[in-house]
Amino acid sequence: MRHVIILSCFLVLAGTVFAQEVLSAKETGKASVEGRVIKEPGGELVKKAIIELIGQDQQENGNYTATSDQEGHFQIHGIEPGRYQMFAERTGFIEVDQKRRRSRGLYLSFSAGQELQDQTLHMMAAAALTGRVLDEDARPMAHTLVEVWQANAAGRYLHTIDQHDAPLDPNFTGCGHTLTDADGHYRFITIKPGCYPWRNHHNAWRPAHIHFSLFGPAFATRLVTQMYFPGDPLLASDPIYNCTADEEARKRLISVFDWDTTVPETALGYRFDIVLRGREQTPMEGSE
């Protein structure tokens, strides 16, 4: 009989401890949020993005972090009630809103026990674009004016002629300029442009590209070319890229991925050297 009483007491005690553990796991009075991170354009899921939830009242709320999984999904539990800013970070990407404009994240308010679901964070590829301007003997062309212009991440130019049904980004003009330094180097931080339909032929799409313009001592010496990104499947069917007959010359229009110029948590690096003359000259518009 004594053994039965002891066993009964043990079962009651174990049940009490188990119930306490369940209540603790649920973290009664705390909130939670879950969602996904997707890449724009296209909606591809982004894995290994760092999700940060920053409390606006640091004394009351605090900060929380999570990492998106292989399916781009994330979860944060045990959140103190209050107001927070949530944003995503990953090297080579910047955060944008649903219209692909630069974003500062989501502002969320949590009440005790609230469970927010289906939150979506949008990101798009950024690019740190560097290179050198050289002559035919690989000597640097110092103090050369380099201009770039491009479509935004949705594949649309900020120009009245471009009426493509894609959103404009009020925070991105799509153009910039700089001077090369004494060693011929230039550098731009931009976004990776989107491809876009251009109706040249049936189902025609232009690959992602950036226009380059280089000026010598006078405007009459202006040279114009286009830079493409490595691995783009649209290059094979693009008539503008393929109008350069020589295959080796076409390859000189494609930038090279560069770890050394990649900006941590901001932009992937691409190198595009421009040779103005000689056998290794970068193909220019109107040069053939």
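The values are calculated or read from the model by the stated rules, or taken from the named source; none is laboratory data. Since we're looking at a predicted model, the values are computed, not measured. Heads up, the Cβs are rebuilt from the backbone with ideal geometry, glycines too, and the neighbour counts pull from every protein chain shown.
Observations, loosely collected:
- For segment 184-201, the candidate set comprises residues that are under 20 Å from Thr144 (Cα atoms) and of a type in the set (A, V, I, L, M, F, W, C); within that set, the residue that is modelled with the highest pLDDT is Phe188.
- Within segment 257-288, considering residues that are loosely packed, with under 14 Cβ neighbours inside 10 Å and of a type in the set (Gly, Ala, Ser), the one modelled with the highest pLDDT: Gly278
- Among the numbered conditions (1) within 28 Å of Asp137 (Cα to Cα); (2) under 17 Å from the mean Cα position of the chain (by Cα); (3) charged (D, E, K, R), the only one that Asp232 does not meet is (1).
- When Ala236 is tested against (1) exposed (fewer than 15 other Cβ atoms within 10 Å of the Cβ); (2) within 25 Å of Leu134 (Cβ to Cβ); (3) aliphatic (A, V, I, L, M), just one condition goes unmet, and that condition is (2).
- In segment 159-185, the residues that are part of a strand (DSSP E or B) and surrounded by 14 or more Cβ atoms within 10 Å (Cβ to Cβ): Cys175, Gly176, Thr178, His185
- Taking segment 72-104 as the range and being within 29 Å of Gly29 (Cα to Cα) and free of Cβ contacts under 8 Å to residues at least 40 places away in the same chain as the test, the residues that pass are Gly72, His73, Gly82, Arg83, Tyr84, Gln85, Phe87, Arg104.
- Residues within segment 117-143 that are touching a Leu at 6+ places or on another chain (Cβ under 6 Å) and under 13 Å from Thr282 (Cβ atoms), tallied: 1
- Segment 225-274, residues that are part of a helix (DSSP H, G or I) and among the acidic types (Asp, Glu): Glu247, Glu248, Asp260
- Filtered by the rule that a residue be modelled with pLDDT under 90, on the phi < 0 side of the Ramachandran plot and touching a Gly at 6+ places or on another chain (Cβ under 9 Å), segment 138-164 gives Asn152, Ala153, Ala154, Arg156, Leu158, His159, His164.
- All of Phe93, Phe74, Phe110 fail the test of being modelled with pLDDT under 90, aromatic (Phe, Trp, Tyr) and crowded, with 18+ Cβ neighbours inside 10 Å, apart from Phe93.
Conditions tested, residue by residue: (1) touching a residue at least 60 places away in the same chain (Cβ under 8 Å); (2) over 25 Å from the mean Cα position of the chain (by Cα).
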| residue | (1), (2) |
| --- | --- |
| Arg139 | no, yes |
| Ile161 | no, yes |
| Leu168 | no, no |
| Tyr196 | no, no |
| Asn200 | no, yes |
| Thr225 | yes, no |
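- Among (1) crowded, with 18+ Cβ neighbours inside 10 Å; (2) in contact (Cβ under 8 Å) with a residue 40 or more places away in the chain; (3) of a type in the set (Gly, Ala, Ser) - the single one Ser213 does not satisfy: (1)
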